[in-house]
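The values are calculated or read from the model by the stated rules, or taken from the named source; none is laboratory data. What you see is a predicted model; the values in this text were computed from it and never measured. Cβ: placed from backbone, ideal geometry, glycine included. Neighbour counts: every protein chain shown.
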Amino acid sequence: MDEQLLLNGILEGDTRAYKEMFIKFYSPLCEYVSQFISDVEAEELVQDLMLHIWEKRKYLAVETSLKSYLFVAAKNRTFNAIRNEQYRKRVHAILYEKLKEQFEDPDYYMVEELAIKIQSAIKELPEKYKEVFEMSRFGENTNAEIAINLGISIKTVEYRITKSLKILRIKLKDYMLL
C-alpha cells in the first residue's frame, strides 16, 4: 500500500493501515532514533510516537509524505527527550545545592534522602499529571507548548500542574515547604 493510502486509512481509523504503517516504519525509526539515545529508549520513544499518531489521528495534519512526517516527529521527540534529560540533571544539581544551603550543617545523606523522596513523589504522580509536570518544570516548556504537544487544552495543562503540586505538597509535607 502506498504512503498516501496508508495515511488516508489511518486518518479514517483503519487498523490494518495502522498496522501496516507500524510494520513498515517501526524498525527504521528505531534505528534512526538509536543514533541519539539508547536502543531501549529509542524503542519506547518510537512506540509512544506510533501510539500518539493513532490516538490523535483525527487531528493529524501531514503536509509531507508519511515517511517524512514520521521521521521529523521522531527527531523532534528525541531532541525533546534529550533536552528534558539534560534539564532534569541540571535541576537535580541545583536542587541539591539549594537543599544543602537550607541546612546550617548539611548532612549529605539527609539531603540525598530528600532528593530521592522528591524524585519518588514525582514518579508516583498519575501518568498524565507527571507528564505535564515534568514537561513544565524540567522541560522548560510553556503551558501552550505542552498543550499543543499533547493535544490538550491550556486549561487542562494548568489543572494538571496545579493538581501535581497539591499532591507533591501532601507527599512531601514532612520534608520541606513547596
Look through SER153, SER136, SER120 and report the one residue that is over 21 Å from HIS52 (Cα atoms), of a type in the set (S, T, N, Q) and modelled with pLDDT of 80 or more.
SER120
When you scan the range 53-63, how many residues do you find that are modelled with pLDDT under 90 and either exposed (fewer than 11 other Cβ atoms within 10 Å of the Cβ) or touching a Cys at 6+ places or on another chain (Cβ under 8 Å) (or both)?
4
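Here's the yes/no breakdown for (1) basic (Lys, Arg); (2) part of a helix (DSSP H, G or I); (3) crowded, with 18+ Cβ neighbours inside 10 Å; (4) in contact with a helix residue (DSSP H, G or I) (Cβ under 8 Å, 6 or more places away or on another chain):
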position: LYS128; (1), (2), (3), (4): yes, yes, no, yes
position: ASN141; (1), (2), (3), (4): no, no, yes, yes
position: ALA144; (1), (2), (3), (4): no, yes, no, yes
position: ALA147; (1), (2), (3), (4): no, yes, yes, yes
position: VAL157; (1), (2), (3), (4): no, yes, yes, yes
position: LEU168; (1), (2), (3), (4): no, yes, yes, yes
Close pairs from the range 127-139: first assigned by TED's automatic domain parsing to the domain that holds LYS163 and farther than 14 Å from ASN80 by Cα, partner surrounded by 19 or more Cβ atoms within 10 Å (Cβ to Cβ) and among the polar types (S, T, N, Q), Cβ under 6 Å, at least 6 apart:
TYR129/SER164; PHE133/SER164
When the residues of the range 12-36 are filtered to those that are touching a Leu at 6+ places or on another chain (Cβ under 7 Å) and of a type in the set (A, V, I, L, M, F, W, C), which remaining residue is farthest from THR78 (Cα to Cα)?
ALA17
